[in-house]
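Here the structure comes first, spelled out in structure tokens, and everything after it is commentary.
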Amino acid sequence: MKAATKVFSAKQGPAISAVSFDVRNGEIVGFVGLNGAGKTTTIRIAVGVSLPTSGTVVIDGHDITREKPEASKSIGWVPELPNFEPNAKAWSMMRYLAGFYNIDREEARRKSKDLLASVGLSGFENRKIRTYSQGMKKRFSLAVSLLSDPQNFLFDEVLNGLDPEGIHFFRELMRGQKRMNKAILLSSHILTEIENVADRIVFIHRGRVIKIVTRDELAAYEGEKGVLRIILQNITDDAVSYLKSLGGTALVQGNEVILSDFRGDSSQVNSELVKKGIPVREIKFEKTGLEQYFFDLIGKADSAQ
């Protein structure tokens, strides 16, 4: 995707502006942003459901706007809320959709059965889609996306609303597709899952890409700082003043002081508090993760505006 911009209304301004990034074969790229940041708009443009106002999207050498039929064959898209004919039966719908990929009738029967089994829907093939749970609908949508054996997958909040078993299923599926040298874009609010599987992470905020980081760059950030939580017997001005002097941002909640962006030795902080006659009930250092990195980024982006 290169310099993609989408304007729905001139009054509201662009939903996304000059968005550029790529997803390589054998790679999982996380796509992270707040609600309304432009994630779904970007993905809908990438799969050809929505046209960009300007900019280009190229899928395996095919422009999604000018060569949509060719580009679409290389895309497996699983949206957050899959929308199929509710009264259709899963197996019938699979065979019908196979026709769009020029799969002959006999092959469509075999492939539909195999794919439904592979996503854990054996025994549910002849049920109407409206009777499926949200997790089952996402699995069915995944089976549909696999019909053409695409090279590229786009998952838009696919983990949202799933139980732990469903999350595990999709996580392992993505890792399996990565091993098969497929390209995968994953949009999710579950940042721990993004952190677990992504090779690179694209951060979008207010319709613009504000940062792209690799797993190694994120790990280096995590190693530098974290959050220090100190629970005191009693909060005093002296205690708060000392803790604020350590740098970072200090948040006081009852008898707890939370220091974000802490760089230092928590045991030394404990010793200094004891020397000052300030009783400490608990002190705990938490390594900074993707969530803190994300909020640091958007904080800097907002303050720069």
> In whole angstrom, how far apart do the alpha carbon centroids of segment 119-168 and segment 287-305 sit?
Replying inline: 33
> How big is the charge dipole of segment 220-305 about its Cα centre, in debye rounded to the nearest 20, if each Lys and Arg gets +1 on its Cβ and each Asp and Glu gets -1 on its Cβ?
Replying inline: 200
> Taking the chain as a Gaussian network, Cα atoms linked when under 10 Å apart, which of 154, 186, 218 shows the biggest mean-square fluctuation?
Replying inline: 218
> Roughly how many debye, to the nearest 20, is the charge dipole of the chain about its Cα centre, given +1 on each Lys and Arg Cβ, -1 on each Asp and Glu Cβ, and no other charges?
Replying inline: 920
> Could you give the distance between the Cα centres of segment 216-253 and segment 174-193, to the whole Å?
Replying inline: 34
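Take every Cα pair under 8 Å in segment 72-153 that's 6+ residues apart, average their separations, divide by the length, and report that relative contact order as a whole percent.
On the way: 103 pairs, mean separation 43.3, N = 82.
Reported as a whole number, the value is 53 percent.
Can you tell me the length gained on complete extension of the stretch residue 181 to residue 217, counting 0.36 nm per residue apart and subtracting the Cα distance? Show your work: numbers first, answer last.
Working: separation 36, 0.36 × 36 = 12.96 nm, distance 2.27 nm.
Extra length available between residue 181 and residue 217 comes to 10.7 nm.
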> Around residue 76, which amide H atoms from residues at least 5 apart in sequence, or from another chain, sit under 5 Å from its own amide H, with H modelled in the peptide plane?
Replying inline: 152, 153, 154
> List the lysines whose alpha-carbon lies under 21 Å from that of residue 276, not counting same-chain residues fewer than 8 positions away?
Replying inline: 244, 284
> What net charge is computed for the residues neighbouring residue 39, neighbours being all others with C-beta under 9 Å from the C-beta of residue 39, Lys and Arg scored +1, Asp and Glu -1?
Replying inline: -2
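Compute the length gained on full extension between residue 237 and residue 81: take 0.36 nm times their separation in residues and subtract their Cα-Cα distance, giving the result in nm to one decimal. Could the numbers behind the result be given before it?
Working: separation 156, 0.36 × 156 = 56.16 nm, distance 5.10 nm.
That pair, residue 237 and residue 81, stretches by 51.1 nm at full extension.
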> What ³J(HN,Hα) values, in whole Hz, does the Karplus curve 6.51 cos²θ - 1.76 cosθ + 1.60 give for segment 48-53 when θ = phi - 60°, with x put for Gly and Pro?
Replying inline: x, 6, 10, 8, x, 5
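Normalised by the residues of the chain, what does the relative contact order come to in percent, with Cα pairs under 8 Å and at least six apart?
Computed over the chain, the figure is 20 percent.
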> Can you run phi through the Karplus equation (6.51, -1.76, 1.60; θ = phi - 60°) for segment 121-127 and list ³J(HN,Hα) in whole Hz, with x for Gly and Pro?
Replying inline: 10, 4, x, 10, 4, 9, 8
> Counting only residues 5 or more places away or on other chains, whose amide H sits under 5 Å from the amide H of residue 7 once H atoms are built in the peptide plane?
Replying inline: 15, 53
>> Testing the spin-label approximation: label points 7 Å from Cα along Cα→Cβ at residue 49 and residue 255. State their distance in nm.
In response: 5.1
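Throughout, read-outs are computed from the coordinates displayed, never taken from laboratory work. Since this is a predicted model, take the numbers as computed values, not measurements. FYI the Cβ positions are ideal-geometry reconstructions off the backbone, even for glycines, and counts take in every protein chain you see.
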